[in-house]
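*Asks:* A single structure is presented below for examination.
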Amino acid sequence: MHVDGSCHCGSIRFEAEIDPKRVVICHCTDCQTFSGSAFRTSVLVPEEQFRLLAGAPVTYDKVAESGKPRGLAFCSNCGTHVYGMTQGDGPTFYSVRVGTLAQRAELPPVAQVWCRSALTWLGDLDDIRKIPTQ
Ligand SMILES: [Zn+2]
Ligand SMILES: [Zn+2]
């Protein structure tokens, strides 16, 4: 499936060919902190299927719990997190943040990882008062 993405200010733009079966929710505490929210939704894309069209993301390097380094790319102007990237040996994969994709509504997640740190109130979302706009 062809997707296009951009950061909030539009200076970073990219496109990718993705497999919708690789859309995953991550409940790890790093994703909670980086997103400023309860979880993060990403899709794993091999390097050759990802193309940066405009902009120059800034990269923050973190060491994953596996011990592997990971570059987390974001827009230096608007702060949007656009993707994470494997580093070091082996093929490079991009972990594209689904919320940056124009097609995000068509990409329901197929799995959830790091559920041991998932916020318990997520299961109650249907019971929380819903307001159509602000
Ligand atoms: Zn931006
Ligand atoms: Zn995570």
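The values are calculated or read from the model by the stated rules, or taken from the named source; none is laboratory data. Since the structure is predicted, the reported quantities are computational estimates derived from the model, not experimental observations. All Cβ positions, even for glycine, are placed from backbone atoms using ideal geometry, and neighbour counts span all protein chains on display.
*Asks:* Which residues, taken from segment 65-82, are closer than 30 Å to LEU125 by Cβ and either within 13 Å of ligand 1 (Cβ to nearest atom) or in contact with an Asp or Glu (Cβ under 8 Å, 6 or more places away or on another chain) (or both)?
*Replies:* Answer for segment 65-82, where residues must be closer than 30 Å to LEU125 by Cβ and either within 13 Å of ligand 1 (Cβ to nearest atom) or in contact with an Asp or Glu (Cβ under 8 Å, 6 or more places away or on another chain) (or both): ARG70, LEU72, ALA73, PHE74, CYS75, CYS78, GLY79, THR80, HIS81, VAL82.
*Asks:* A follow-up question, please. Among (1) farther than 24 Å from GLN112 by Cα; (2) at pLDDT 95 or above; (3) surrounded by fewer than 15 Cβ atoms within 10 Å (Cβ to Cβ); (4) not small (Gly, Ala, Ser), which single condition is LEU52 missing?
*Replies:* (3)
*Asks:* Let me ask another. Looking at GLN87, GLN32, which is the one that is modelled with pLDDT of 95 or more and more than 15 Å from ligand 1 (Cβ to nearest atom)? Break it down into steps so the answer makes sense when it comes.
*Replies:* Working: GLN87 fails: modelled with pLDDT of 95 or more.
GLN32 is the lone residue from the list that is modelled with pLDDT of 95 or more and more than 15 Å from ligand 1 (Cβ to nearest atom).
*Asks:* Oh, and also: Could you check PHE50 against (1) under 26 Å from CYS9 (Cβ atoms); (2) within 15 Å of ligand 2 (Cβ to nearest atom) and say which number it fails?
*Replies:* Every condition holds for PHE50 apart from (2).
*Asks:* Go through segment 11-31 and give me each residue that's assigned to a strand (DSSP E or B) and farther than 11 Å from VAL98 by Cα. Even if it seems obvious, please write down each step before you answer.
*Replies:* Restricting attention to segment 11-31, the residues satisfying the condition of being assigned to a strand (DSSP E or B) are 13-17, 23-26.
Once the filter is applied, which keeps residues that are assigned to a strand (DSSP E or B) and farther than 11 Å from VAL98 by Cα, segment 11-31 yields ARG13, PHE14, GLU15, ALA16, GLU17, CYS26.
*Asks:* On to the next question. State which residue is farthest from ligand 1 (Cβ to nearest atom) when the search covers only segment 42-60 and only residues that are farther than 16 Å from PHE74 by Cβ and under 13 Å from the mean Cα position of the chain (by Cα).
*Replies:* Only one residue tops the list, namely LEU44.
*Asks:* Moving to a separate point now. Please state which one of SER66, SER117, SER76 is within 13 Å of ligand 2 (Cβ to nearest atom) and at pLDDT 95 or above.
*Replies:* On the way: SER66 fails: at pLDDT 95 or above; SER76 fails: within 13 Å of ligand 2 (Cβ to nearest atom).
Unique residue meeting the criteria: SER117.
*Asks:* Looking at (1) touching a residue at least 24 places away in the same chain (Cβ under 8 Å); (2) in a loop (DSSP other than H, G, I, E, B); (3) within 16 Å of ligand 2 (Cβ to nearest atom), find the lone condition where HIS8 falls short.
*Replies:* The one condition HIS8 does not meet is (3).
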